[in-house]
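**Q** Dropping a structure here in C-alpha cells format, bear with me for questions.
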Amino acid sequence: MKRGVKKMVRLDRITMHGFKSFAGKVMIPFPDGFNVIAGPNGSGKSNVIDAITFVMGTTSARSIRAEKLQNLLFNGARDRKPADFCEVSLYLDNSDGKIPGEKEIKITRKITRSGISVYKINGRNVTRAKVLDMFSYANLFTEGYNIIMQGDVTKIIEMSPVERRSIIDEISGIAEFDEKKQKAAAELEKVESRVKENMIIVAEKQRFVERLKEEKQAAEKYLVLSEDLKKSRASLVRKKLMAAEEKQSAVEVEIKSGEENFTKLEAEFGALEKEFEKKEKGIYRKGDDIIKKSRNYEIRRKIDEIQTEAIRKKDRIDMLERDTERLREMSSRKQNPAVKEVLGMAGVLGTFMSLISVPKRYETAVRVAAGKHASDVVVEDDDVASECIKMLKDRKIGRARFIPLNKIRGGRRKDVRGDFIGWAVDLVKFSGKYAPAADYVLGSTVIAETLDKGRRLGRVRVSTLDGDLIEASGAITGGFFRKSADGYDAQIRRNEEDISKIESEISSLEKKLVELRAQEQEESMEVMKLQEEKSAGEKEIEEMRKKRKDMYEERLAGQGKVSKLRIEKAKLEALLDNLRIESREYSGVQEFYDMPAEEIQERVRSCIIEINRLGPVNMRAIEEFNTIGVEFDEMKKKLEKLLEEKDAIVKIVREVEKKRYDKFMDVMTKIRDNFSRIYADLTGGTGILRLEEENNIDSGLVVEASPMGKRVVNLDAMSGGEKTLTSLAFLFSVMQHSSSPFYVLDEIDAALDKANTKKIAGLIKKYSKNVQFIVITHNDLTIQEADKVFGVSIEGGVSKVFGIDMTRAG
C-alpha cells in the first residue's frame, strides 16, 4: 500500500464455478480503485472473499466458513443439481513483472466432491507451495493482513497487548530470528553444561596440580638439600681425613723420636748396670778384707752376712718392683681400650679389681663373683661417668661400664644359714671410700668351699673356691676355671705382699746389725778405715741404685709413651681406613666447602633439620607434575576453547537479538508512523503505538489515541465506536506496511455509526487512488464512496452478480 506508486500487481478478475452459492460460472472484474460488493444478508456477497481466500491456498475450511472443504461445492437448489466440483480462478495483472512469468497470471484451485484439491498456474498443475511462492512475490499471503474478515476488528479490540505485539512479530518476520535464537540458546545451554563440567574437572585437577606442585617443590628442595648435605658431608670427611693424615705424620715423628730416646736410655741403663755390678763386687771385696783384718772375725762375718742378706733382699725388692711395673704395663695393654683411655682422667679411681685386696685363697671365688664387673671403672660421681662417656663417643674408642660412688647402691643380704665361708665383701680388703662399689659387686654373694655345700644354702648367689657359680635364680655355671690374663692384678698384689714381707725382714736384719756393730767398738783403725770406705762405697752404690731406679722408670715411661703413641697411631690408621671408605661414598663430589669443620658440621645439621622438616617426600612428584601439568594445560586449553565457543554463541545470540530487535523496531516504527498518520486522517486526533516496556520487544503493544479535543486513552478504555475506529486505523497501518497489490475488507463498517462509517469510507476512497480495494458491505454511505459496485442477490438458492459503475452514475 505504498503511496505514489501507480503501476503494480492487481487483481484483474475472479471466476467462480460451483463454489458455495455460485452454481454456474460467474466472473467478476475488479478495476483499479474502490470496489464494493453489496447485497442483502445471506445473498452470498461474502462468498466472494471466501473464494479469494480459497484460491490463495487456505487449508482451513473453517476460515472460509465450512465444516470441510467438500462443503465449498454448490450443494444444489430447486432446479439446480449439486456441483461435482468447485473451481475458482484469480487473474492477476502482472504488467510490472513483479511476479516472475507472464503478464497475466491465472491461479486456479479446484475441489472435487471426493475432496481432491488441485492447484494450477496458467493451466498447469502445480503444488500448493508453488502457488504460495507465486503469491509471495506480490506480498500476498493466506493468513496475511491484506484481507480483513468479519470479526478481525473485534479480535483486535479483545486482544491482550502481548497478542497485539505478536502481529508486528509476524509482519516483521522475526520468527526466523526466534528460531535462530532458540537454536543458539540450546547450543549455548549445551556448551554451558560442558563448560560447567570442564570447570569442575579443571578445578579438581587444579587442586590436585597445586598439591602436586607443592610436593614437586618439596622434592626439588629435598634434592637440593640432599646434594648440599652430600657436599657438606664430603667436605667434612675430607677435612677429617686431612686432619687425621696430618696427625698421623706428627705421631710417627713422635714415635721415631721416642724410640731414639728409648734406645739411648737403654744404652745408658746398660752402662750403669755394668758399673753398678763392678761397684757392688768392690764392696764385697772390702767386706772380705774387713773381716780378715777384724779382731772379732765371727762378729764381722755375721755383720757381713746380715749386710749381704739385706743387700740381696733389697735387690729382690728392686726386682719385684720392676716386675710389678712390667705386669702393670702388660695388664694395661690387655685392658679394654675404652677402660684404659679413661683411667687417667680426673675423678676416675680405677677398675674395681684394682681397688680391692683379695687373699690368695679367695682369688678365684672373688673373681668369679665379680664376673663382668671386674673391669668396671669406679668413679667419684655420675658427672665424671658422663664426661668419660662423652669423651669415648667423641673419640669413637669404645664402651665401658662405670660405677659412680654417689649413686651406686648394693643389694640387701639375705638370711643365709648353712655351711659357707662368709660373704664375699667381708673376705676382701678395700678403702672405706670404695664400700658402695664393693657392696654393689660382691654384697649379695657368699663364698662356699664346694659346689655341693653351696647348693645347700638355698636361693642365694654362691661362688665356690673352685670357680663355680650358683645364681639366686638357680642357674649354675661351672667346670674347669682357667685364670685369664687378668691374673696380672693378682700377681701384682702378691708382689706387693712379698715386698712388704721382705721390707719387714730387712727391718729385722737392720736391728740385728745395730746390735752386732755395738760389739765392734774394739776394731782397729784400719778396720775402721776400711769400714768407712765400705760405707762410702755402699752409699755410692745406694745412690747408683737410686739413679738406676730413676733411669729404669724413665725408660719404662718412655716405653709406655711410645706404646701409647703406637696405639694412637693404630687408632689413627683405623680412623683413616674408615674415613677413606666413607670418602669413597662421595667419590662423585667434585667441589668442597672451604670453611672450618665446625661450620661444615653446622651446615650438615641444618640440612638434616630442613630435610626432616620436609617429612615424607614424593620423589615421583617432579615427573608426575610434568605429566599432569601437560594434561592440565590441555584441559585448560579445552576449557578456554569451550569458553571461546560459549562467547561466540553468546555473541551470536546477541547479534541475533540485535537483528531481531532492529527488524522489529524498524517495522514497529513504520507501523507506528502509519498508525499516527491514518488515525489523524480518520479523526484529526493523535494515535500512539508504544511498547509496554520501552525497548523490550517481548513486552505488550499498547494502542493509545486522543481523538480531537480529548485526552489520550488506552484502547481498552475507549467507547465502542472509538475502539472500532482505532482498531481499524491499526489494521490499516498494518495493511499499509504490507504493501499488498489489493486489499479485501469484509463488512468492517458493520458496527460503525454513520459519522465513523463516513470517515472509514473517506479513508478508503483516499487510499484507493494508489491501491485496489474490494470491500464487502451493505452500508449505503460506504457504497456511495465506491468507484465500482457489484450487487449480489440470491434467487432460488443461487447467487447472482450484477455491476454498477458509480463513477458514471454520479
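The values are calculated or read from the model by the stated rules, or taken from the named source; none is laboratory data. All of these numbers come straight from a predicted model, not from anything done at the bench. No Cβ is skipped: glycine too gets one built from the backbone with ideal geometry, and neighbour counts run over all protein chains shown. Protein only, heavy atoms only, side chains kept; ligands, DNA and RNA dropped before computing areas. Shrake-Rupley method; radii C 1.70, N 1.55, O 1.52, S 1.80 Å.
**Q** Given the peptides 184-191, 277-284, 758-765, arrange them by the average over their residues of other C-beta atoms within 10 Å, most packed first.
**A** Final packing ranking: 758-765, 184-191, 277-284.
**Q** So, in the range 68-145, how many Lys pairs have Cα atoms under 15 Å apart, if the pair is 8 or more places apart or on different chains?
**A** Close lysine pairs under the 15 Å cut-off: 6.
**Q** Starting from the Kirkwood radius over alpha-carbon pairs of the range 375-485, derive D by Stokes-Einstein at 37 °C in a medium of 0.692 mPa s and give it in µm² s⁻¹.
**A** 207
**Q** Compute the accessible area per residue over the chain, keeping the other protein chains in place, probe 1.4 Å, unit Å².
**A** It amounts to 55 Å² per residue over the chain.
**Q** Place a +1 charge on the Cβ of each Lys and Arg in the chain and a -1 charge on the Cβ of each Asp and Glu, then give the dipole magnitude about the Cα centre in debye, rounded to the nearest 20.
**A** 2960
**Q** Would you mind computing, in nm to one decimal, how far apart the modelled labels at residue 253 and residue 155 are, each placed 7 Å from Cα along Cα→Cβ?
**A** Label at residue 253, label at residue 155, 12.6 nm between them.
**Q** Which FRET efficiency value, to the nearest 0.05, do you get for residue 207 and residue 182 by plugging their Cβ-Cβ distance into 1/(1 + (r/R0)^6) with R0 = 41 Å?
**A** Here the calculated transfer efficiency is 0.65.
**Q** Seen from all sides and averaged, what is the projected area of the convex hull of the Cα atoms in the range 66-181, in nm²?
**A** Value for the range 66-181: 11.1 nm².
**Q** While we're on this one: Could you give log10 I(q)/I(0) at q = 0.10 Å⁻¹ for the chain, computed by the Debye formula over C-alpha point scatterers of equal weight, without solvent?
**A** Listed by q, the Debye log ratios stand at -1.12.
**Q** I would also like to ask the following. Which three semi-axes in whole Å describe the equivalent ellipsoid of the range 659-790, each the square root of 5 times a Cα gyration tensor eigenvalue, listed largest first?
**A** Ellipsoid half-lengths, sorted descending, are 27, 19, 11 Å.
**Q** Suppose we look only past 17 Å in the calculated P(r) of the range 623-719. What percent of the Cα-Cα pairs does that tail hold?
**A** 68
**Q** Which percent of the accessible heavy-atom area of the range 395-449 goes to carbon and sulfur, probe 1.4 angstrom?
**A** Here it works out to 44 percent.
**Q** Net charge around residue 543, counting only other residues with Cβ within less than 11 Å of its Cβ (Lys, Arg = +1; Asp, Glu = -1)?
**A** Neighbour charge sum, excluding residue 543 itself: +3.
**Q** Let's test the formula: R0 of 51 Å, r as the Cβ-Cβ distance of residue 125 and residue 648. What FRET efficiency results, to the nearest 0.05?
**A** The pair residue 125/residue 648 has a calculated efficiency of 0.60.
**Q** Here's something else I'd like to know. State the answer as a single residue: which of 141, 125, 107 lies farthest towards the positive end of the charge dipole of the range 98-182, with beta carbon charges of +1 for Lys and Arg and -1 for Asp and Glu, about the Cα centre.
**A** So the residue we want is 125.
**Q** Can you pull a Stokes-Einstein diffusion coefficient for the range 362-434 at 25 °C (0.890 mPa s), Rh from Kirkwood over Cα pairs, as a whole number of µm²/s?
**A** In µm²/s, the coefficient is 166.
**Q** Under a 5 Å amide H to amide H cut-off, with H placed in plane at 1.01 Å, what residues pair with residue 26 once short-range neighbours are removed?
**A** Amide H neighbours of residue 26, under 5 Å, 5+ apart: 16, 17.
**Q** Here's another thing I want to ask about it. Could you work out how far apart the two model spin labels at residue 547 and residue 117 are, taking each label as a point 7 Å from the Cα in the direction of the beta carbon, and quote it in nm?
**A** With each label placed 7 Å out from Cα toward Cβ, I get 15.9 nm.
**Q** In addition: Cα-based Rg (one decimal) and Dmax (whole number) for the range 117-264, in Å?
**A** That works out to 48.8, 154 Å for Rg and Dmax.
**Q** May I pose another question? Over the range 735-787, how many percent of alpha carbon pairs lie in each 10 Å bin up to the one with the longest distance?
**A** Bins of 10 Å from zero give 25, 58, 17 percent of pairs.
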